[in-house]
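Here the structure is laid out as structure tokens; the discussion comes afterwards.
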Amino acid sequence: MNSLLSQYHVLQTENPQVRARDAAKKLGISEAQLLDIQTGDTVFRLQHRFADLLKKLKNIGPVMALTRNHAVVHELTGLYEKLYVNTHGDKEIAIAINPGGIDLRLFLYQWHSGYAQITDKHMSLQFFDRFGNAVQKIFSTKDTNLGAFYQLINDFKVTSAEPLQLDTKPEIIAKTLVDEEVDIDAFKTDWQQLQDVHDFPKMLEKYQISRLQALNLAGNQWAKALSTNALEVLLNQVRDKQIEIMVFVGNLGAVQIFSGLIKNLKWFNDWFNVLDSDFNLHVDTTKLSQAWLVHKPTDKGQNIISSVEFFDAQGDTILTLFGRRDEGNSVNQDWQHLVLNVAAQNSLNSAQSQVA
């Protein structure tokens with residue numbers, strides 16, 4: 001451990017701006033382990049009472065919540081409030097319903113460890129899954145009540161803890177059928193008869209297929225493959241046309257949602273970014289392997305909701321875009337028209353023919 005800590009200090013000396021994720025990768029350890037070897041005066045292990053801790057965040061004022069996967073970073077600044085916790089079987093799940101603010105779906109049963117860190121720049125709470133990967137980080141801002149944040153850390157830190165134990169086994173992937181084993185006609189009928197977009201995962205489970213497999217089987221009526229360049233095109237157009245959108249980014253333990261208008265778009269090397277005052281999005285475009293326009297019935301089948309979904313090379317969802325629509329309100333028609341136009345110009349077939 002001392003050797004790893006010494007190596008980390010050398011890294012910091014050589015590159016003071018090195019990010020924790022990159023430093024951990026260079027050292028061959030997880031981000032959770034990197035914090036664990038630093039516990040002491042400025043880094044503290046947190047009690048495993050994550051729901052109780054998160055509920056207290058409403059008392060410290062504005063914070064920045066960061067949720068990411070390996071390809072996309074999603075940052076929201078606002079109040080961490082209206083947190084509701086439920087247990088389904090033995091699985092603890094939390095929802096923070098703050099459209100336009102810090103809007104979250106948290107799978108707390110996947111949260112394995114938590115740490116608080118105090119630096120000269122900010123205070124933070126950082127939570128990790130059983131593999132040591134970050135599921136969510138929460139940072140103080142210039143408007144945070146630092147005294148209340150410090151008290152929160154004191155209330156939930158542990159002075160001694162068992163050594164951090166991580167799972168080295170890969171995530172168990174649910175068994176899926178090959179296409180030839182799927183009743184495709186019945187699957188398409190069930191898709192057409194969806195009553196709510198939230199029923200979609202249940203349908204995938206019923207037919208034992210992956211999300212990407214479902215899009216390939218659905219046909220053009222419900223899903224159309226796009227060029228991954230559609231991301232830049234789409235975000236530029238929603239900015240120019242002032243269309244409110246929803247941006248979903250998730251990992252094993254959290255999904256974070258932005259709702260509203262975007263303004264400042266910028267490339268930095270291979271990263272395409274939204275850089276607004278209360279919302280930042282950073283997309284490593286080299287990790288975008290597939291993009292799809294997807295239509296799903298909702299509102300008891302009375303309306304169609306359209307999304308644009310991006311996948312990595314492993315077939316995992318890394319970013320999803322919707323038109324903003326508060327629960328119970330009508331479909332965002334400006335978004336619906338826009339995505340159809342973007343799809344017509346950026347479908348995979350048209351993109352391939354343009355290259356040819």
Discussion item. Name the residue that is nearest to LYS142 (Cα to Cα), counting only residues in region 68-92 that are open to solvent by less than 70 Å² (accessible area, probe 1.4 Å) and among the small types (Gly, Ala, Ser).
Written reply: GLY78
Worksheet item: Only one residue in THR159, THR168, THR176, THR141 is of a type in the set (S, T, N, Q), surrounded by fewer than 20 Cβ atoms within 10 Å (Cβ to Cβ) and touching a helix residue (DSSP H, G or I) at 6+ places or on another chain (Cβ under 8 Å), so which one is that?
Response: THR176
Response to the item:
Exactly one of LEU338, LEU319, LEU293 is more than 22 Å from the chain's Cα centre (by Cα), open to solvent by less than 60 Å² (accessible area, probe 1.4 Å), hydrophobic (A, V, I, L, M, F, W, C) and modelled with pLDDT of 95 or more, and that residue is LEU338
Discussion item. I need the full set of residues from region 267-290 which are open to solvent by 70 Å² or more (accessible area, probe 1.4 Å), among the acidic types (Asp, Glu) and either farther than 18 Å from ARG239 by Cα or touching a His at 6+ places or on another chain (Cβ under 7 Å) (or both), in order please.
Written reply: ASP270
Item to complete: Test each condition in (1) closer than 23 Å to ALA96 by Cα; (2) modelled with pLDDT under 90; (3) among the aromatic types (Phe, Trp, Tyr) for TYR8 and report the one that comes out false.
Response: (1)
Practice prompt. Would you mind stating whether ALA65 is open to solvent by less than 80 Å² (accessible area, probe 1.4 Å) and within 26 Å of THR159 (Cα to Cα)?
Written response: yes
Practice prompt. Restricting attention to region 102-127, report how many residues are within 27 Å of SER259 (Cβ to Cβ), among the hydrophobic types (A, V, I, L, M, F, W, C), part of a strand (DSSP E or B) and open to solvent by less than 10 Å² (accessible area, probe 1.4 Å).
Written response: 4
Worksheet item: Do you know which of the residues in region 191-245 that are within 27 Å of GLY260 (Cβ to Cβ) and among the hydroxyl-bearing types (Ser, Thr, Tyr) is surrounded by the most Cβ atoms within 10 Å (Cβ to Cβ)?
Response: SER227
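The values are calculated or read from the model by the stated rules, or taken from the named source; none is laboratory data. The shown structure was predicted, so the numbers you read here are calculated from the model rather than taken from an experiment. Counting neighbours? That spans all protein chains shown, and the Cβs are built from the backbone with ideal geometry, glycine included. We work out accessible area using only protein heavy atoms, side chains counted, and drop any ligands, DNA or RNA first. Shrake-Rupley method; radii C 1.70, N 1.55, O 1.52, S 1.80 Å.
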